[in-house]
1. Restricting to segment 190-229, name every residue that is of a type in the set (D, E) and at pLDDT below 95.
2. So in segment 144-160, with the set limited to residues that are under 10 Å from the mean Cα position of the chain (by Cα) and assigned to a helix (DSSP H, G or I), which one is surrounded by the fewest Cβ atoms within 10 Å (Cβ to Cβ)?
3. Residue under question is L81, and the condition is that it be modelled with pLDDT of 95 or more and either in contact with a Gly (Cβ under 8 Å, 6 or more places away or on another chain) or on the phi > 0 side of the Ramachandran plot (or both); does it hold?
4. Only residues that are closer than 16 Å to A158 by Cα, modelled with pLDDT of 50 or more and surrounded by 14 or more Cβ atoms within 10 Å (Cβ to Cβ): list them for segment 28-56, please.
5. Scan segment 130-143 residue by residue and report those that are loosely packed, with under 15 Cβ neighbours inside 10 Å and either within 23 Å of F174 (Cβ to Cβ) or under 18 Å from the mean Cα position of the chain (by Cα) (or both).
Amino acid sequence: MSGIKFRLPLLMVASVFALAFVFEGSIVNIVPQVPPSVLAADLSEDVPELPSPDGSNDTPEMIISMIYNAPAAGAPAKIKLSSLRGKVVVIDMFWSQCPHCRDHAPHMSEIYNQFKAREFTVLGLATDKPDKVNDVRGFIRDTKLAYPVGFITNEVVAYFADSHNHSVPQIILFGTDGKMVKRWIGWTDEIGKELRTKIQEQIGKVPVVKPGSKASSRDDGRRINRAAF
């Protein structure tokens, strides 16, 4: 990959973003960016992947603070990204004040509801600052999001976001092995169709557990917003 490597040491993350961005208000001002296009991760060299629960890969654990309007009993305040390994996962990065994010959110809820019973999940990550939690709650309420949402972290940006284009929405698909499959920036009907196809391909790789087995008994025009992280 060109630009910032995904395998940045954690001590470098803060200094990298301090050089790249200036914080003002509730969002981060963006430096000049490449022209909008559907961007996929260049996976020819170092494939980004979710953290491993046992710490056996190069990606550090990332703790996500969750956001709820009305949390169900026992809903976790924080989750570890490593806990998502083993499923097909979409990370959906958005900003609560982005009109295109509001347009695409219902489509992501449709995709979540379509595949959630098949070892699949979506995790929405808001790029808002934590003191804007009520803005995010309003976004969740207004768009009727069906999937869990938390706050993005600098580590998530450093390891998984496009290093040249920090526009939102930004959608990242991971396979059951935790490795990134593809990244999209923006939303169009074509992106939605390709995302569904890629999800189905990855779900097709999930091992089928036969009834009665030990495993079974254990477990009975392009639209983007340039204000982002």
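1. First, pick out the residues of segment 190-229 that are of a type in the set (D, E): 190, 194, 201, 219-220.
D219, D220, listed by residue number.
2. Among them, the one singled out is V156.
3. It is false that L81 is modelled with pLDDT of 95 or more and either in contact with a Gly (Cβ under 8 Å, 6 or more places away or on another chain) or on the phi > 0 side of the Ramachandran plot (or both).
4. V47, P48, E49, L50, P51
5. To start, the set of residues in segment 130-143 that are loosely packed, with under 15 Cβ neighbours inside 10 Å comprises 130-131, 134, 138, 141-142.
Matches in segment 130-143: P130 only.
The values are calculated or read from the model by the stated rules, or taken from the named source; none is laboratory data. Keep in mind that this is a model prediction, so the values were computed, not measured. Because the Cβ atoms are built from the backbone with ideal geometry, glycine has one as well, and the counts that use them run over all protein chains shown.
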